[in-house]
Amino acid sequence: MLHLILFGPPGAGKGTQAAFLSEQYQLIHLSTGDVFRYHMKEGTELGQLARSYADKGELVPDEVTVRMLREEVEKRNDAKGFIFDGFPRTVAQAVALDAFLAERNESVSALVAMEVPEEELKERLIKRAESSGRVDDADPEIIANRLRVYREETAPVQTHYERLGRYRGIDGVGSISEITQRLVEAVDQIK
Ligand code: AMP
């Protein structure tokens with residue numbers, strides 16, 4: 001089984017690229033942000049809880065996020081593997097994911113990081129707000145908070161997989177197709 005973590009800061013283009021990669025490698029694209037947004041739209045209890053964090057650019061607590069992710073993975077027994085997009089966002093989530101996959105005699109194949117400078121991310125997010133309608137994309141203060149949370153809580157996830165020898169980094173600046181190409185080259189080395 002191929003389990004990829006598509007990693008990078010908010011605005012790096014993870015969602016766009018995960019869609020291409022899931023098709024190319026026949027993997028299930030699992031975006032925790034998308035699942036939370038679905039619940040917000042449906043007005044479920046989980047959605048209301050998630051909104052109270054997401055609208056401020058904060059992370060939903062690990063316990064809630066990990067439980068939701070487990071349930072989503074368990075729904076897909078037919079999967080050949082997963083592309084995790086927006087997860088894990090903390091080292092605790094990474095440790096929980098490793099343990100969960102180990103119970104199934106599986107493991108994370110690689111964390112592939114898309115590297116994009118902060119200035120470019122801010123511009124991309126503001127632009128994305130025009131089409132996404134996402135509250136958390138529109139406000140410069142919320143964007144700054146998301147980038148701070150990324151630096152402080154999420155970036156250490158990269159170090160976690162670097163220590164396990166599972167880290168691959170690619171330049172995340174360029175056209176969508178150039179970046180897809182770089183990702184495919186990186187993934188083909190893993191397989
Ligand atoms: P995203 O679409 O990945 O930027 O996620 C949107 C929002 O959902 C984030 O700002 C968080 O509030 C929440 N979220 C998504 N994934 C996670 C996660 N793995 N851990 C905690 N919160 C998350």
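The values are calculated or read from the model by the stated rules, or taken from the named source; none is laboratory data. These numbers come from a predicted model, not from an experiment. Neighbour counts run over all protein chains shown; Cβ positions are idealised from the backbone, glycine included. The protein model used for the area step is the full one, side chains on, heavy atoms only, and it has no ligands, DNA or RNA in it. Shrake-Rupley method; radii C 1.70, N 1.55, O 1.52, S 1.80 Å.
Yes or no: Gln24 in a helix (DSSP H, G or I), among the polar types (S, T, N, Q), touching a residue at least 60 places away in the same chain (Cβ under 8 Å) and surrounded by fewer than 16 Cβ atoms within 10 Å (Cβ to Cβ)?
Taking the combined requirement at face value, the residue satisfies it.
Residue-by-condition table, conditions (1) on the phi > 0 side of the Ramachandran plot; (2) of a type outside the set (D, E, K, R); (3) touching a residue at least 60 places away in the same chain (Cβ under 8 Å):
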site	(1), (2), (3)
Arg104	no, no, no
Lys122	no, no, yes
Ile126	no, yes, no
Asn145	no, yes, yes
Pro156	no, yes, yes
Gly165	yes, yes, no
Gly174	yes, yes, no
Glu178	no, no, no
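Would you point out which residue out of Ala155, Ala113, Ala102, Ala96 is modelled with pLDDT of 95 or more and in contact with a strand residue (DSSP E or B) (Cβ under 8 Å, 6 or more places away or on another chain)?
Ala113
Please identify the pairs in which a residue from the stretch 75-94 that is within 13 Å of Glu106 (Cβ to Cβ) has its Cβ atom under 9 Å from the Cβ atom of a residue that is within 13 Å of the ligand (Cβ to nearest atom) and hydroxyl-bearing (Ser, Thr, Tyr), counting only partners at least 6 apart or on another chain.
Phe84/Ser31; Phe84/Thr32
If you check Gly57, Gly33, Gly15, which single one turns out to be buried (at least 16 other Cβ atoms within 10 Å of the Cβ), in contact (Cβ under 8 Å) with a residue 40 or more places away in the chain, within 8 Å of the ligand (Cβ to nearest atom) and more than 14 Å from the chain's Cα centre (by Cα)?
Gly57
Kindly provide the set of residues from the stretch 38-53 that are part of a helix (DSSP H, G or I), more than 7 Å from the ligand (Cβ to nearest atom) and open to solvent by 20 Å² or more (accessible area, probe 1.4 Å), ordered by number.
The answer is Tyr38, His39, Met40, Lys41, Glu42, Glu45, Leu46, Gln48, Leu49, Arg51, Ser52.
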